[in-house]
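Data block below; observations after.
Here, each number is a calculation from the coordinates, and none is a lab measurement. Quick caveat, the model's predicted, so the values are computed rather than measured. As a convention, Cβ positions derive from the backbone with ideal geometry for all residues, glycine included, and neighbour counts pool all protein chains shown.
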Amino acid sequence: MTSNTTTGPLEAVGAAALSDRLAEVWIEFEERLAHVPILRRLADGAVTLDDYTRLLFNLRQQVVDGSPWISRAASSFDIDHFELRAAAIRHAEEEHRDYLMIERDYVAIGGSLDDLRRGRKNIGSEALSGYMFHYADQPNPVGLLGAMFIIEGLGARRAAGWAARFQEVLGLADSQVHFMKYHQDADAEHTGNLEAILTSGMIDDAAADEIVRCAQVVARLYALQLEELDR
Amino acid sequence: MGTTATAYLTGFGRYLPGDPVDNHGIAARLGGDDAVTERIRRRVLESNGIRQRHYALDEHGEPTELNEELAVKALHAALDDRGIAASDLRMLACATTMGDVLVPGFASMVHGRLGGGPMQLLSASGVCASSLAALDAAVSKIRLGDHPRAAVVGSELPSRSLRQRRFDGFRAGMDAHFLRWMLSDGAGAVVVEFQPHPVKPSLRVDWVRHVSLAHEHEVCMRAGMSGAEPIVGGTWQDVDIADAEASGMFVLRQDVGMLDELADAGIRQFEELVDIGLVDVRHLDHVICHYSTNVFRDVAFEALRRRIPTLDTDRWFSNLETRGNTGAASIFIALEEAWRTGRFTPGETVLLAVPESGRFSFAFAHLTVVAPPTGVAPPDQQGAST
């Protein structure tokens, strides 16, 4: 954050263009999500307890890796990207217990903690996690802001709606949907922080391209994770 | 406010030890075959209307089982009915008037014998209404979403303390005889879950209510003290055990003179349920009421009919006459039989009512029969856990 005092008209335009480009990625992502079988059943009210159980099981296997790849990204930012490093460290700290919420929800609906902890990632989660770790290893992986945009956006914009719908259809108590409910507030805060970074003027055109590309890949792989439940 | 889950009763079980004992078989097990006792027994049996009961005693009056064994057998029956195992339970709530031992709690002993995995326990003590206190606790935890699956059991084994040896050496009054020829052994259990049974009807628990009026009533049913008031230094734990026994402190007694007052108070509690709208008399289809004797059946039935003119005997269920008065177990033993014999159809409502004479407690539960969910996943996806 060395040039924020000299944010000029050009950078402002760049930032606006980046948010437009990300909005486009988001729209495409939402369209794809609408076709994911479990989310379609959720929307239709045909979702079963088994669906919710499987969703938690599958998410947990990837969420345990969430904080590690953010930490790895933090260590890949050099001192010129101090603000991003600091943000990543904070974020990793905030998220590294999230999987425990999934585990509590899973047990609260009758799942076995041992089974859950013995589980493996599905095909989509493998791809997503592999990509994130690979990307986080690159020097100054600014593009990961695009990954954040997708993952945190999902939490902030969709998770609470999913939680409410699962509760409505399956008659679940709040303490059985902790993970999804929590993310509405937590991720809204994170996306606020992300907005601040994206509009801070520290993102140049090359970085913007990286961010958009990374958002596209993560959107596709996240949807794949939801499509490939248990596979 | 937060959203809660719904609690459903999805499995029902009971265990009644040994063969049914008719009125002629009582003396062989409990003793008391002198002329005076004989006469009192006949009189008590005539008024309570019980024709058959079960004792965990052999034909010579020797114990055949522990109370915790009765509880575990009823639990197994309920788990089998639901098609799940003890390892699927996360909570066990047990109600009994007296466990087999003083320490530890009854639920600990039942869990130890039942097995399964780690689970929350509750030992609800008291008398008959402890059954619904235990149910309330389990239902509340299910509704909070803290546990997916719980079991509740009411279990009693009073027969061993009703045998002659407890009555030797002192002159038992009507307060002791009344219970001696009324109480018997058995256990009843239910499985409580946050989802209805996948393929069979379930009973949704709409509410459970438990009210004590001990603040305005003296003790009605007691053991372990010499009068209606406990005295410092004078309870069974203070005096010599031999003295306590000799003075009949270990005999279960009921002040029969207070029972009319108990019935009136119970009816007022029911009236209040109607007045505050918890019971909608136009939509109440079945009543399962625990009562100790047929005298109170008629009193309670007439009182309910004052508010529910359409209530007829078809909608009123009790198995007191054939299963006996099993205290905290009785409401579950009655519910199990009503359920198993197909008295209920989806959409109907059921009121459970349990007055407790101990020191005036009244418990009620309102249930609705729900059909299994339609259009859900195939049975192989409905396992207890994935």
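Summary of computed values
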| item | result |
| --- | --- |
| Neighbour-count order for A:Val177, B:Val190, B:Val127, fewest beta carbons within 10 angstrom listed first | B:Val127, A:Val177, B:Val190 |
| Pair A:Arg120, B:Glu38: separation of 7 Å Cα→Cβ label points (nm) | 8.0 nm |
| In Hz, Karplus ³J(HN,Hα) per residue of the stretch B:102-110 (6.51, -1.76, 1.60; θ = phi - 60°; x = Gly, Pro) | 6, 9, x, x, 4, 4, 4, 5, 5 |
| Relative contact order computed over the stretch B:8-193 (Cα-Cα under 8 Å; 6+ residues apart), in percent | 34 percent |
| Built amide H within the under 5 Å cut-off of B:Asp206, gap 5+ | B:His366, B:Leu367, B:Thr368 |
| Cα-based reach from B:Lys141 at 21 Å (exclusive), listing lysines while leaving out same-chain residues under 8 positions away | A:Lys181 |
| The stretch B:12-29 - phi-based ³J(HN,Hα) in whole Hz, Karplus 6.51/-1.76/1.60, Gly and Pro as x | 9, x, 8, 9, 10, x, x, 7, x, 10, 7, 4, 7, x, 5, 4, 4, 8 |
| C-alpha long axis of helix B:330-340 to longest principal axis of chain B, angle in ° | 40 degrees |
| Computed E for B:Leu213/A:Asp44 - FRET, C-beta separation, R0 41 angstrom, nearest 0.05 | 0.20 |
| Rounded tilt (10° steps) of B:259-275 against the dominant C-alpha axis of chain B | 20 degrees |
| Relative contact order (%) - criterion: Cα under 8 Å, at least six apart; region: the stretch B:53-155 | 34 percent |
| Neighbour-count order for B:Thr293, B:Thr3, B:Thr374, fewest beta carbons within 10 angstrom listed first | B:Thr374, B:Thr3, B:Thr293 |
| Amide H contacts under 5 Å for B:Ala124, placed H, 5+ residues apart | B:Cys94, B:Ala95, B:Thr96 |
| The stretch B:8-193 - share of DSSP beta bridges that are antiparallel (%, nearest 5) | 65 percent |
| For B:Pro196, net neighbour charge (Lys/Arg +1, Asp/Glu -1) across residues whose Cβ lies under 12 Å away | +2 |
| Local electrostatic count at B:Met98 - Lys and Arg +1, Asp and Glu -1, tallied over other residues with Cβ under 12 Å | -3 |
| Counted charge near B:Asn67, where neighbours are those whose Cβ lies closer than 12 Å (Asp, Glu -1; Lys, Arg +1) | -3 |
| Separation between Cα centres of the stretch A:23-61 and the stretch B:217-263, rounded to whole Å | 63 Å |
| Ellipticity estimate at 222 nm from DSSP helix runs (n ≥ 4, -39,500 (n - 2.57)) divided over chain A, nearest 500 | -23500 deg cm²/dmol |
| Extension gain, B:Thr322 back to B:Glu46 (0.36 nm per residue minus Cα-Cα distance, nm) | 98.0 nm |
| The stretch B:18-125: antiparallel DSSP beta bridges as a percent of all, rounded to 5 | 40 percent |
| Residue exposure sequence - A:Trp162, B:Trp207 - by fewest surrounding Cβ within 10 Å | B:Trp207, A:Trp162 |
| Distance (nanometres) between label positions extended 7 Å along Cα→Cβ at A:Gln138 and B:Asp314 | 7.7 nm |
| The stretch A:68-121: trypsin sites (Lys or Arg not before Pro) in DSSP coil with no more than 15 other Cβ atoms inside 10 Å | A:Arg97, A:Arg120 |
| Estimated [θ] at 222 nm from DSSP helical runs (n ≥ 4, -39500 (n - 2.57)) normalised by residues in chain B, nearest 500 | -9000 deg cm²/dmol |
